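The values are calculated or read from the model by the stated rules, or taken from the named source; none is laboratory data. Keep in mind the model is a prediction, meaning the values are calculated, not measured. Cβ placement follows ideal geometry from the backbone for every residue including glycine, while neighbour counts extend to all protein chains displayed. Ligands, DNA and RNA are excluded from the accessible area calculation, which covers all protein heavy atoms including side chains. Shrake-Rupley method; radii C 1.70, N 1.55, O 1.52, S 1.80 Å.
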Amino acid sequence: MEKTPHTWAGAALLATFVALLGWYFLASYMGHRESLRFQEKTLTVHDDLLAIDGRHNGNKTAVGKFGLIFLTQDGGKTWQRRPSGTDKTLSAVSFADHEHGFIVGSGGTILATSDGGASWRPQFSGTKDQLLGVYAASPTQVYVAGAFGTMLSTADGGQSWTKHALPWDKLLERIVKESGEIEPNLNAVYFSSPENGWVVGEFGLVLHTKDGGKSWVSQRYGSDLPQLYAIQFRDARTGWAIGQAGSLLQTRDGGQHWSSVGLETKRDFYALSLSGERGVIVGDGVVFVSHDGGASWKSMGSNQEDRWLSGVALKSSEAIAVGQTGMTRLIALDNAASARTGKTP
């Protein structure tokens, strides 16, 4: 579809999200910060890390600019850089199990591993668009979201990828009628079951599928709504989505209704991770933690330099976050006054 002025405007937002991820709203952070010590280290002096994932209490893989891939096998104490074979920006990573994972990035980049992140091989995506989100529902069934309304899926572990044309005139009917053809950036995708999945993106957009991605319906959107950057569900009914200007949305009915959760910040949220009763949200110099399954969220202190964090993964009683200038942070969830120490690579 022809790129309209609206899609180029979307591209500008996309560039801000991926390349900077530190864009500030004029509203300053007003929330109370508790004292919390973090273990911080820098894996790369100049380059940003954008995402992290790995199965519970298993290996974790962090990815970022210029093809950066780092692997930890000891909960973030030590990291090893792994070859990616590319200098493209790597935007997102998702593991289906302890061995099989997928990375997506700029220029239609898709990488896959079958050895827990030790080695990665390229796959042919069939697109050159920026890929922003990936969810591996299984080692064979994987979904990808990206710029200009890009949606991809595979049912054979990436041997072949299918690009899906979404009917934006129906999914964004009001905006299309007002502004013309739109191809919104899709920032993240998540499936709670093989059939039930969600995508979030520009215009506060939330899409839902009940048939494994064959068809989609809009659950939420608006021309004046902030972008949403991440979404996760505890089950088929209970989920959260986060985004610009401190946006935190919650649903308890599978997305039929989304309600805003008021947190005392207007800073952008970039990533969230939920497991059992624990949850962590990270963003533009902010960290929020939940100990009651997302019913309430507590603001935790940030690092001295106030750098942004764009990825987070839970592990046992801690969370590993990654972000600006190659920073990794080990967040102690159960004891706000302690953090483990480790060796700097």
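For this structure, a couple of remarks:
- Over segment 180-258: Kirkwood hydrodynamic radius from C-alpha pairwise inverse distances, Å: 12.3
- Probe 1.4 Å, protein heavy atoms only - accessible area per residue of segment 148-221 in square angstrom: 42
- The alpha-carbon of LYS77 sits under 14 angstrom from the alpha-carbons of these aspartates and glutamates, leaving out residues fewer than 8 places away in its chain: GLU40, GLU318.
- Here the accessible area is traced with a 1.4 Å probe on the protein chains. For segment 128-247, carbon and sulfur cover 46 percent of it.
- For TYR221, net neighbour charge (Lys/Arg +1, Asp/Glu -1) across residues whose Cβ lies under 9 Å away: +1
- On the principal axes of its alpha-carbon atoms, segment 42-197 has extents of 53, 35, 25 Å, going from largest to smallest.
- The stretch between GLN80 and SER259, if pulled fully straight at 0.36 nm per residue, gains 60.3 nm over its current Cα-Cα span.
- Ratio of Rg to Rh for segment 73-153: 0.97 [Cα atoms; Kirkwood radius as inverse mean 1/r over pairs].
- In plain terms, the C-alpha convex hull of segment 203-323 casts an average shadow of 7.8 nm² when viewed from every direction.
- Peptides 92-102, 195-205 ordered by average Cβ neighbours within 10 Å, highest first: 195-205, 92-102
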